[in-house]
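Worksheet for the structure shown next.
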Amino acid sequence: MEQVLTLVCKLNPTPKQVEEIELVLKAFADACNYANQKVKPQIISKTTIQNMVYNEIRALFGLSANLAVRTCARVGANRKTAKQKHKQVLTFKPASADYDARIFSFREKDWTVSLTLMNGREHIKIDAGNYQRGKLKGRKPTSAQLCKHRDGNYYIHIQIKDEPPTPIKSTPLASTGGTPATQWLSNVIGVDFGRRDIAVISNGDKWDGKQINYVRDKFSRVRASFQKKATKGTRFSRRRARQILKRLSGKERRFQQWLNHNISKSIIQDALKNNTVVAIEDLAGIRERTNQKPRNKTERRRSNSWSFYQLRSFLEYKGIQFGIEVITVPPAWTSQTCHQCLHIGLRSDKRFKCFNETCSWSGDADLNGAKNIAAIGAVFVNQPRGSNCLCCELSTDSSGLLKAHTVTASGQCR
């Protein structure tokens with residue numbers, strides 16, 4: 001399985017090169033829009049699209065041969081993704097253009113990239129940090145994307161392809177006794193996702209969600225205040241409010257992304273250190289389900305700002321990068337089942353109490369859920385097939401993430 005790492009480097013073009021970049025971005029977007037309008041929406045094959053509009057794109061928009069091919073591929077790829085989401089591709093904006101090995105090259109000797117623009121080849125200086133320099137050293141990437149970000153600057157997104165290491169196999173540890181939940185032990189850690197605690201691991205580590213909730217509430221109040229000022233008041237105050245809104249745009253998203261990177265890195269590093277498999281909940285579709293419940297405006301905003309999908313995708317790609325296997329398990333009953341005796345208990349806010357008189361375990365509800373997730377993951381690792389086990393079938397959903405379909409058990413049902 002090949003893994004693609006994208007490195008973002010800022011470009012330092014000359015004024016003349018800026019004009020050339022603007023021209024190629026506009027021509028690329030116009031060509032994509034033309035192909036999207038000319039070819040029937042149900043056609044998603046890039047080869048078919050290319051056969052139908054390639055010559056017209058070359059004649060109308062002045063793109064080079066390979067840039068014309070890349071426009072057809074872009075339309076096909078976007079249509080394929082839109083079809084999976086039951087949507088249609090409406091329009092393309094002049095914000096990016098795709099490059100392959102024939103029209104892009106990277107030169108380490110002077111840290112420049114060579115790009116084919118409207119009037120020929122141009123060598124453009126790049127600003128690369130220590131991380132980018134370390135990844136690009138000695139490499140010859142064959143694909144990239146020329147982008148114009150919202151800050152008005154130009155960037156090159158360079159794709160590097162690597163063969164990830166073979167996933168580390170967890171060594172199961174047979175238990176000689178104990179409760180039903182501990183009859184089989186394995187090097188598996190469970191991760192329970194939540195809003196109050198963003199992530200809780202079965203070994204006791206957790207990340208509190210108070211900080212991110214505070215940041216979200218703060219940005220919500222600030223946005224509401226400046227959006228009101230942007231429509232009322234003097235001309236100067238309206239312009240100033242719009243400038244501040246533009247400056248704040250994306251700040252909350254970047255903070256959330258930074259936090260998810262730190263959480264996922266810590267979990268994968270812990271799994272790498274202890275030679276374990278990571279088991280997580282399959283929360284696909286949770287937003288649609290929770291939106292059907294009656295809630296006030298504030299609660300709806302908070303629930304819709306969850307970033308479980310991003311955290312899960314970070315865990316999976318970092319797991320592939322470091323050779324850590326990440327599996328998903330169904331979340332049903334994991335928060336209401338006692339991890340000690342497998343009996344149904346009561347969860348009240350952050351506390352869980354088991355009703356089984358012989359057990360009577362009580363403690364943190366999220367930690368209990370994480371241990372249940374680890375137990376289900378351990379069964380999957382040790383006995384993926386069998387008639388007397390608790391296990392789940394795994395496949396990949398339309399977004400590329402792992403998806404858990406069913407849970408089967410002949411004994412205790414979770």
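The values are calculated or read from the model by the stated rules, or taken from the named source; none is laboratory data. None of these values were measured; they are calculated from a predicted model. Don't worry about glycine lacking a Cβ; one is built from the backbone with ideal geometry, like all the others, and counts go over all protein chains shown.
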Checked the stretch 74-99 for anything under 25 Å from Pro141 (Cβ atoms) and surrounded by 15 or more Cβ atoms within 10 Å (Cβ to Cβ); matches are Arg74, Val75, Gly76, Asn78, Phe92, Pro94, Ser96, Ala97, Asp98, Tyr99
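I need the helices (runs of 4 or more DSSP H) fully contained in the stretch 1-95, keeping only those with at least 1 residues that are within 21 Å of His149 (Cβ to Cβ) and within 29 Å of the chain's Cα centre (by Cα). Quick ask: steps written out before the conclusion?
Working: elements: 15-38, 46-61, 65-84.
Fully inside the stretch 1-95 and qualifying: 15-38, 65-84.
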Taking first residues from the stretch 200-219 that are touching a residue at least 12 places away in the same chain (Cβ under 8 Å) and second residues anywhere that are among the aromatic types (Phe, Trp, Tyr) and not in a loop (DSSP other than H, G, I, E, B), the pairs with Cβ under 7 Å that are 6 or more apart or on different chains are Val215/Phe255
When Thr176 is run through (1) modelled with pLDDT under 90; (2) surrounded by 14 or more Cβ atoms within 10 Å (Cβ to Cβ); (3) out of contact with any helix residue (DSSP H, G or I) (no Cβ under 8 Å at 6 or more places or on another chain), the failure sits at (2)
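Can you work out which of the residues in the stretch 239-255 that are free of Cβ contacts under 8 Å to residues at least 24 places away in the same chain and surrounded by 14 or more Cβ atoms within 10 Å (Cβ to Cβ) is nearest to Gly190 (Cα to Cα)?
Step one: filter the stretch 239-255 for residues free of Cβ contacts under 8 Å to residues at least 24 places away in the same chain, giving 239-247, 253-254.
Next, from what is left, pick out any that are surrounded by 14 or more Cβ atoms within 10 Å (Cβ to Cβ): 240-242, 244-245.
Values: Arg240: 48, Ala241: 45, Arg242: 45, Ile244: 42, Leu245: 40 Å.
If we take residues in the stretch 239-255 being free of Cβ contacts under 8 Å to residues at least 24 places away in the same chain and surrounded by 14 or more Cβ atoms within 10 Å (Cβ to Cβ), then Leu245 is nearest to Gly190 (Cα to Cα).
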Out of (1) at positive phi; (2) crowded, with 18+ Cβ neighbours inside 10 Å, the one Pro141 does not meet is (1)
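Would the stretch 99-113 turn up any residue that is more than 22 Å from Val18 (Cβ to Cβ) and among the hydrophobic types (A, V, I, L, M, F, W, C)? If you could, list the steps in order and put the result at the bottom.
Step one: of the stretch 99-113, the residues more than 22 Å from Val18 (Cβ to Cβ) are 100-102, 108-109.
In the following step, the residues that additionally are among the hydrophobic types (A, V, I, L, M, F, W, C) were identified as 101.
Within the stretch 99-113, one or more residues are more than 22 Å from Val18 (Cβ to Cβ) and among the hydrophobic types (A, V, I, L, M, F, W, C).
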Here the qualifying pairs (Cβ atoms under 8 Å; residues six or more apart or on different chains; first in the stretch 256-282 and assigned by TED's automatic domain parsing to the domain that holds Val379 and under 12 Å from Ile198 (Cβ atoms); second part of a helix (DSSP H, G or I) and of a type in the set (Asp, Glu)) come out as none
Expected single match for at pLDDT below 85 and touching an Asp or Glu at 6+ places or on another chain (Cβ under 8 Å) among Ser360, Ser335, Ser395 is Ser335
